[in-house]
Amino acid sequence: MRIVVNDIAASSGGVLTVLKDFYGYVKENDKENEWFFLVCDDYIESTENIHVIKLPEIKKSYIKRLIFDFITGRKLIKSLGADRVFSLQNTLIHGVKVPQTVYEHQPLPFQDVKNYSFFKKDERKMAVYQHLIGQTIFLSAKKADKLIVQTEWMRKAINKKCSVSEEKIVKIAPNIENSENLRVDVERKNNLFFYPTSAMPYKNISCIYEACKILQNKNLDFNVKITVPNGNVQRNISYIGQIPREEVFANLCEGTLIFPSYIETFGYPLIEAAQMGAIVLAADCDYAHEVIGDYENTYYFNPFKPEELAALMEKIITGEIQHRDVFKKVDSCENTWEKVVDEIISAKKG
């Protein structure tokens, strides 16, 4: 079988990680099918049964991507003799005659927590993605022969927003690595807080800024480490930039995870912190409840009310909230990409 994987949009961050992770699974585990990966640069390499096709021009503007998705892409798919098409970039290629499966891992258009405005400069980019690009994502969701999502909340949101039958939406959780071997024996500090994140607006670092101001007025001694290179200068916040994975887990073993992000598909730091036995202060959102489950060291706050976060931080600093000696176990390190490949192959034209 010939399978085309469309991920021209991937160039950095989590989306590139997903591409490389899926490619790595195919390279190591599937020698029977012939694969064609459509990408924008030298992120992966061809093998005996994997052909990498670079299309850098399409990545240069969203207009070019739309032209490819709606007009020219179908010609390339036909020329490759594809039996199946798999999109890792949330949208499909229109006019294709073979079954298409879309891996839907962009939550922004499907969430109801935040409505971004075109009239606010710092929200404009997010508004374009939510309201304009989101329409092409909705259309793809309706037309795809099969959709794969990581969480139950995404399955329900797509069903609600796009009137897509739940039978067509398959939930397959991402790979969760058992990280127990990365625990380090350090003394837990009740005044150390940690947020592994990027600077995207929905990561909601501003909530931490405002919570810290409240705590500063009470002259409390604490420190918050945030993994961005710079930000709002405050005496209790350290900007440490991106750090190695081992250092992330060391911080989770020593301190408390703050996770105020209000838009996430999955939220990996939550499950990683629970494996380290850390106290978790999480945004009171559907994704967080689904990922963290019944982990006993979890406390929720409204991500738009920094005073709630400040109150929880103060209780940890003063010892009113005590750490419980529990860990969330990950029993299986099953590679769930195997299930994804099975779904791609079994997809039928709707």
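Any read-out appearing in this document is the output of simple, stated calculations on the displayed coordinates, not a laboratory observation. Please read these numbers as outputs of a predicted model, since none were measured by experiment. Cβ atoms come from the backbone with ideal geometry, glycine included; neighbour counts cover every protein chain shown.
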| message | Using just the Cα positions, wrap the stretch 120-263 in a convex hull and report its mean projected area in square nanometres, one decimal place. | response | 11.5 nm²
| How much FRET efficiency would the formula 1/(1 + (r/R0)^6) give for residue 62 and residue 121, where r is the Cβ-Cβ distance and R0 is 22 Å, rounded to 0.05? | 0.70
| field | Backbone N under 14 Å from the residue 48 label point (7 Å along Cα→Cβ), restricted to the stretch 1-33 | value | 27-33
| On full extension of the chain, what length is gained from residue 166 through residue 70, given 0.36 nm per residue of separation minus the C-alpha to C-alpha distance? | 32.0 nm
| note | Quick note on 98, 184, ordering by fewest other C-beta atoms within 10 Å, gives 184, 98
| query | Among 313, 200, which comes first, then next, by fewest other beta-carbon atoms within 10 Å? | reply | 200, 313
| remark: Here the FRET efficiency for residue 113 versus residue 83, based on Cβ atoms and R0 = 30 Å and rounded to 0.05, is 0.15
| What is the percent of Cα-Cα separations in the stretch 180-318 that go past 25 Å? | 17 percent
| task | Divide by every residue of the chain the summed helix terms, -39500 (n - 2.57) for each DSSP H run of at least 4, and state the resulting mean residue ellipticity at 222 nm, rounded to the nearest 500 deg cm²/dmol. | result | -10000 deg cm²/dmol
| field | Ranked 84, 74, 324, criterion: other C-beta atoms within 10 Å, fewest first | value | 324, 74, 84
| So which of 31/64; 60/348; 78/114; 156/225; 120/349; 59/203 end up more than 31 Å apart by C-alpha? | 31/64; 60/348; 78/114; 156/225; 120/349
| task | Evaluate the relative contact order of the chain (contact order divided by residue number), counting alpha-carbon pairs under 8 angstrom at least 6 apart; express in whole percent. | result | 15 percent
